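Worksheet: the structure to be examined is printed underneath.
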Amino acid sequence: MKTTRTVLLSGAGFLLAALLIQLVPYGHDHFNPPVVREPTWSSAQARAIAKRACFDCHSNETVWPWYSNVAPMSWLIYRDVSLGREHFNFSEWDLHPTLPQGEGEGEEHQHGGDVIREMLEAGKMPPAPYLLLHPEAHLSEAEQQVLIEGIPEPGHE
């Protein structure tokens with residue numbers, strides 16, 4: 001009897017906490033600014049691969065899934081999209097100068113094909129947690145190569 005009561009009270013406490021965290025305003029501001037400028041893609045295939053694997057975090061064309069409205073997932077997704085757009089945004093291509101290594105920390109910065117190549121070859125992009133919910137974003141080696149070759153360096157278009 002006491003165990004049942006403890007389980008019910010614990011469950012009610014968990015449910016109350018889950019409902020209360022929905023009131024935290026962070027993560028509910030889902031917006032997609034206008035696309036200003038994309039790179040000049042070498043092929044439609046390169047853009048399609050980037051759209052499938054990269055655009056949710058690295059463009060102004062984010063698809064916000066239903067769970068992006070439920071805390072704490074909304075917090076994580078909003079943070080990832082904000083940071084992804086800040087560091088590299090296909091929709092604002094070549095609008096932010098590339099900063100010399102070690103400079104401009106905390107400032108917006110844009111990188112080109114070399115950084116994409118490094119991140120893909122190191123297996124850092126797309127990140128594993130994203131791939132768990134988006135298996136379609138997994139890239140084969142051939143797709144990685146198409147993407148790497150399909151993106152010009154900013155300022156070299």
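No lab work stands behind these numbers, since they all come straight from the coordinates. Everything numeric here is computed off the predicted structure, so don't read it as measured data. FYI the Cβ positions are ideal-geometry reconstructions off the backbone, even for glycines, and counts take in every protein chain you see.
Mark the label point 7 Å from the Cα of L19 along Cα→Cβ and return the residues of segment 47-78 whose backbone N is within less than 20 Å of it.
Those under the cut-off are 69-74.
Given R₀ = 25 Å, FRET efficiency for A12-L132 by Cβ-Cβ distance, to 0.05?
Working: r = 30 Å, r/R0 = 1.20.
Working from the Cβ atoms, E equals 0.25.
Could you check the simple spin-label distance between A48 and E149, using points 7 Å along Cα→Cβ, in nm with one decimal?
Going from the A48 label point to the E149 one covers 1.6 nm.
Exactly which chymotrypsin sites (Phe, Trp or Tyr not before Pro) in segment 1-91 are in a DSSP loop and have at most 14 other Cβ atoms within 10 Å? If you can, show how the numbers build up before the last one.
On the way: sites: F14, Y26, F31, W41, F55, W66, Y67, W75, Y78, F88, F90; in loops: Y26, F31, W41, F88, F90.
Hits after loop and neighbour filter: Y26, F31.
Taking 30 Å as R0, compute the FRET efficiency from the Cβ-Cβ separation of V70 and A142 and round it to 0.05. Please list the in-between numbers first.
Working: r = 36 Å, r/R0 = 1.20.
The formula returns an efficiency of 0.25 here.
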